[in-house]
Amino acid sequence: MTKENPVLNRDASVGAQYWRDTFDDPTTLLGKGVGAEGSADEPPKFTVYRDVPRHSLPQRVPLRLGDLRAALAGRTPPAAWDQAALGALLYYGYGFSRVDVGAVSGWPYHRMVPSARCFYPTELYLWTPGTGDLPAGVYHYDQLHHCLAMMRPGDHREVLAAALGTGLDGARAVLLLTSDLWKTAFRYRHYAYRLCTQEAGMVAGNLLMVASALGLRGRLHHNFLDEVLGRLIGARPGEETVLAAIPLRADAFSKRDAFSKRDAFSEGQAADRSSEGLFSRLDPVRPGRPELPVAKDLAAASTTYTIAAASVLTRTADFAGLSVRQAPPGDEIVELPEPGGADLADALRARHSGGTIFKPVRAPIDTATLAAVLGDALAPYRTDLGEGPYAEVYVVPLNVTGIPVAAYRLDRGGRRLHRTSGAPDGPINAGMRLGPPAVDFGTANALVWVVADREAAQTDLGDRGYRILQQEAGVVAQRICVQAGAVGLAARVINGYSTSGVQDMLGVTGQGSTPIFQIVLGRRSESPQYELPIVF
């Protein structure tokens, strides 16, 4: 356990440098070297804990989840919470969904959420007070076998609530997302923390979506005592870091459960809780995962581990909120039609990143299709900071019937595009692309950017602001990817862009805003590979 640092959350120097290194000049970190896929230090694609109690989940999941837009709007009524619902939540939230077989299947194993080169560093843990035959305890979700491995038996509600700074009375479950950093750092080294935190946000967004479809209300927590939650689940200190927590209820969270300086989990107790006081209440657990057959050279990715350590909170008094500036109004307005309905399960199965090299079919889409992709990307959801999302969406339609090529900002209601800049000069992404091409931008239908207020995050949240903003942007990015799947489009997340070039193109230079995600939209071309769905 690290020593407490009472000003850790107020310090922004490590985070500020990492912002510069991963957004303003990513070649600095990437230039320090990368690892090789297929090398001896590549970790396994799935994490399996052995020699611990294992509990099978129902081996059939529903083929339908209900209307995607109702789920995003939180309109699904409460439903029965049992092991069948839990199995559906875990499978559609972060399950093993597909195997690609064929000559071009470089990254064959897929889940419901995109991952850089399909490394999947995010791990999903679950606290439950007990459901049916499933005893109370903390579990790891084993995607490969669609089952739960018990990490720690017992309720532990009080410690968990204290570490989150909130009440858990009536909670059906708490989802805990970690990142096994080396799963990405073996390849991307110092740059890996950006990818790991972005993915964790996409997983969080997907879990919120699926939980809502199942009649549960989730709240995304960014503030918590990291080391306490890490010890609770048996994470390996310094390697696996907790990035997010999502309590789930059948009813709505009250406003008083949002971020507050007071200790909300139990009235009358001290407002400032420390990791040290709670840490000692948890005996260490030694999960039955064997030592991975890899040579972990953590020093080769030291910057990734430095920013992860600098983001740790050890006192609830250091929990902080985030206030963001409103985006300025745009010029011309494009009205978007009301998007049609789609089943969430169908959309999740159809979600696709376009293949190893994404070459979209050169064919226009209409305004209704673009509206369906963007429609509910900014629908509100609960966080411990307040009401999210803490991000904006910008789009450059390249081949969309009826919309001139220019930069537009999506309004919060999702039904209007505000023009923020004129048509880009020259071919799209010319002079902006970083690294080898993985996408043919010339045939894409549209480029979408998820943009967030970097300056506010650094000021309000310190070093932890980096990971919080990546995750907030990830929630929105996953919604866009899933909505694209619902209308037959692939959505490819790609970080190879010039931040300053995109800011200029979108007309946000000097506003403190940074493009966190770039998403390329287009129809997939035919492929000889066979995509085998995995349905439990």
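The values are calculated or read from the model by the stated rules, or taken from the named source; none is laboratory data. Model, not experiment: these values are computed from the prediction. Ideal geometry is used to build each Cβ from the backbone, glycine not excepted, and the neighbour counts take in all protein chains shown. Just so you know, the surface numbers come from the protein's heavy atoms only, side chains and all, with ligands and any DNA or RNA stripped out. Shrake-Rupley method; radii C 1.70, N 1.55, O 1.52, S 1.80 Å.
Remarks
- Where helices (runs of 4 or more DSSP H) fall entirely within region 1-100, those with at least 3 residues that are at pLDDT 90 or above and surrounded by 16 or more Cβ atoms within 10 Å (Cβ to Cβ) are at 13-19, 68-73, 83-94.
Conditions tested, residue by residue: (1) open to solvent by less than 50 Å² (accessible area, probe 1.4 Å); (2) within 28 Å of LEU469 (Cα to Cα).
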{"position": "GLY321", "(1), (2)": "yes, yes"}
{"position": "ARG325", "(1), (2)": "no, yes"}
{"position": "PRO328", "(1), (2)": "no, yes"}
{"position": "LEU344", "(1), (2)": "yes, yes"}
{"position": "ARG351", "(1), (2)": "yes, yes"}
{"position": "GLY354", "(1), (2)": "yes, yes"}
{"position": "PRO364", "(1), (2)": "no, no"}
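- Residue list for region 494-528, filter: touching a Gly at 6+ places or on another chain (Cβ under 8 Å), open to solvent by 60 Å² or more (accessible area, probe 1.4 Å) and at pLDDT below 90: PRO528
- Single residue of VAL508, VAL476, VAL535 found to be assigned to a loop (DSSP other than H, G, I, E, B), closer than 18 Å to TYR94 by Cα and aliphatic (A, V, I, L, M): VAL535
- Region 397-420 - residue that is out of contact with any helix residue (DSSP H, G or I) (no Cβ under 7 Å at 6 or more places or on another chain) and hydrophobic (A, V, I, L, M, F, W, C) and, of those, nearest to GLN470 (Cα to Cα): LEU417
- Residues in region 101-120 that are closer than 15 Å to PRO533 by Cα, open to solvent by 30 Å² or more (accessible area, probe 1.4 Å) and within 23 Å of the chain's Cα centre (by Cα): TRP107, PRO108, TYR109.
- Test: residue in region 513-523 that is outside any loop (DSSP other than H, G, I, E, B) and more than 24 Å from GLY388 (Cβ to Cβ): yes
- Looking only at region 331-342, and only at residues there that are open to solvent by less than 60 Å² (accessible area, probe 1.4 Å) and of a type in the set (A, V, I, L, M), the one that is farthest from THR420 (Cα to Cα): ALA342
- Of the residues GLY106, GLY130, GLY167, the single one that is of a type in the set (Gly, Ala, Ser), at pLDDT below 95 and within 18 Å of PHE224 (Cβ to Cβ) is GLY167.
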